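Asks: Below is the structure I would like to discuss, written out as structure tokens.
The values are calculated or read from the model by the stated rules, or taken from the named source; none is laboratory data. These numbers were taken from a predicted model, which means no experiment stands behind them. Cβ placement follows ideal geometry from the backbone for every residue including glycine, while neighbour counts extend to all protein chains displayed.
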Amino acid sequence: MTSSHGLNAAGGTDGLPLPLESTSFIALNQAPNARLGNTTAPSTMAALYTRASIADVTPTLLAYQSALPGAAIYALDGGQLIGATPVSQLIGTTGSDNASLVLTWAAPASGAISVLRNGTVIASLPAGTATYTDSQLGLTATGVYPFNYTVVAGSAPLATITQVVYVQPPPPPPPPPPPPLATTLTTGLSSYYPFGALPPVDRLNASTMGPWAADADGGSLFADPFGGKGLQIDTHTVDTNGFDGYKLTQTNDVTTHAQFTIGFWFYTSCANLTGNGTPIFSNKNYYSGGNAGIAIGLFPGSSASCNIRFNLGDGSTRNDINSLNVSANKWTYLALTIDTAAKKINAYVFDPVLGEQKVLAQTLSVNIAKLPGLGVFGLNEDGTGHYYMNACNDTPPYTVGKCAATPPDVQAFSDLALWTRVVTETELQSVFGSGQPLSTLTH
């Protein structure tokens, strides 16, 4: 038994939202659960809210008849007053992030907690838990969205329809614009290959580039980092004399100058590498790093990267930088600067995944007169044009892959440049950061 409302102090009905007028009674002929709670008259509306209400009558009758709806379809604001004790005071509020909904309730002493949204279980919580934040609402547009939540304590459900005022997060700020390409990069520029077509042409007409042997041209065009075409060199293409790869011959060799810089974009799969090393750019016999000249080489690394090594030798002394790496299948920028007067070496790798790596001011101790090596640079080769054959001390007639210890490789180059000065770190950072070829400065 119950009544729809209470009476005022004079015994009348006025409908005012006051404790007396809002307090009624519930009479049971069954043993109540803990939800019925305190039976003393509350003095405040806040205290009244903690008590059982007429919304609990229907669930109680249904529970008595074993006809209470299952949790997945439960849509009653009240909870049963007999049998298992449900939660009470279930309310939902929009989270402080305006993208989640915070549920709170008073939990009974026992009974594991399950939380359902629109009939689907979204959380299973230990007994006594009294709050849950639903941050997986699946909303994308600003608006007010209603949700039907049911909280079950043990086997006793209680439901509420609540709404979240969702505010779509603002989009992230746009990334800062890339730095401009340093205009000073044209100063001291000796040779420059923008590629884009075959055969490669030095924009400054200070060198030539082509295959070591006309019958072993493994060069082709390959998508570069600027939306154009770079030079891909495949040393699977080899002639019977063991020539493969490309060579660069200068009319004014930068390695004879007091200062010089070598820089280019580079792409590799990091596959087929061995401890013997694979030449990238070298003017020496790279069979030994102690031989006279310069080499940039490729060595095995992790599954996603490989090791770049910078080497200088004079026949008896060698200088090595072995600690830098490049990501597989990414365009990276490599640079080597030599200051023979200051006796300093700087090596750089700019990688989109690994970031900037560098070794600065390493002591140059080799005989600088030996830096020109064999007088010609090999690309995906050394200064002999026979590296892949020489690596196993093989002799002609040679066939591809004969030296299994140093298998052929496929490499790509873009925007290759030589300077007769030390290009600064800031200038090199602008090369990588701007994403622009030097041709934007030289045309």
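Asks: Condition first: hydrophobic (A, V, I, L, M, F, W, C) and surrounded by 17 or more Cβ atoms within 10 Å (Cβ to Cβ). Now tell me which residues in the stretch 329-358 satisfy that.
Replies: TRP331, LEU334, ALA335, LEU336, ILE338, ILE345, ALA347, VAL349, PHE350
Asks: Only one of ASP14, ASP77 is touching a helix residue (DSSP H, G or I) at 6+ places or on another chain (Cβ under 9 Å), assigned to a loop (DSSP other than H, G, I, E, B) and within 28 Å of GLN163 (Cβ to Cβ). Can you tell me which?
Replies: ASP77
Asks: All but one of (1) touching a strand residue (DSSP E or B) at 6+ places or on another chain (Cβ under 9 Å); (2) surrounded by fewer than 17 Cβ atoms within 10 Å (Cβ to Cβ); (3) among the hydroxyl-bearing types (Ser, Thr, Tyr) hold for SER114, so report the exception by its number.
Replies: Condition (2) is where SER114 drops out.
Asks: Checking THR129 against (1) closer than 30 Å to VAL102 by Cβ; (2) part of a strand (DSSP E or B); (3) at pLDDT 95 or above, only one condition comes out false. Which one?
Replies: Of everything listed in (1) closer than 30 Å to VAL102 by Cβ; (2) part of a strand (DSSP E or B); (3) at pLDDT 95 or above, THR129 misses just condition (2).
Asks: Further question on the same structure: With respect to THR237, is the statement that it is modelled with pLDDT of 95 or more and β-branched (Val, Ile, Thr) true?
Replies: yes
Asks: Also, I was wondering about something else. So which residues in the stretch 244-274 are under 30 Å from the mean Cα position of the chain (by Cα) and either over 17 Å from THR187 (Cα atoms) or without any contact (Cβ under 8 Å) to a residue 40 or more places away in the chain (or both), if there are any at all?
Replies: Listed by number, the residues that qualify are TRP265, PHE266, TYR267, THR268, SER269, CYS270, ALA271, ASN272, LEU273, THR274.
Asks: With a cut-off of at least 2 residues that are more than 26 Å from ASP394 (Cβ to Cβ), name the strands (runs of 3 or more DSSP E) lying wholly within the stretch 260-319.
Replies: Hits in the stretch 260-319: 305-313.
Asks: Any idea which residue in the stretch 94-111 is surrounded by the fewest Cβ atoms within 10 Å (Cβ to Cβ), counting only those that are outside any strand (DSSP E or B) and within 40 Å of the chain's Cα centre (by Cα)?
Replies: Ranking the candidates gives SER96 first.
Asks: Looking only at residues that are in contact with a helix residue (DSSP H, G or I) (Cβ under 7 Å, 6 or more places away or on another chain) and part of a helix (DSSP H, G or I) in the stretch 43-74, which one is farthest from PRO32 (Cα to Cα)?
Replies: MET45
Asks: So if I check each of ASP239, ASP215, which one is part of a loop (DSSP other than H, G, I, E, B) and assigned by the TED database to the domain that holds PRO407?
Replies: ASP239
Asks: Would you tally the residues in the stretch 403-421 being farther than 22 Å from LEU336 by Cβ and either outside the structural domain of GLU381 (by the TED database) or surrounded by 18 or more Cβ atoms within 10 Å (Cβ to Cβ) (or both)?
Replies: 5
Asks: As an exercise: evaluate TYR286 against (1) crowded, with 19+ Cβ neighbours inside 10 Å; (2) over 22 Å from GLN232 (Cα atoms); (3) more than 28 Å from the chain's Cα centre (by Cα) and give the number of the one condition it does not meet.
Replies: Every condition holds for TYR286 apart from (2).
Asks: Turning to a different aspect of this structure: What are the residues in the stretch 367-388 that are crowded, with 24+ Cβ neighbours inside 10 Å and of a type in the set (A, V, I, L, M), if any?
Replies: Across the stretch 367-388, the qualifying residues are LEU371, LEU379.
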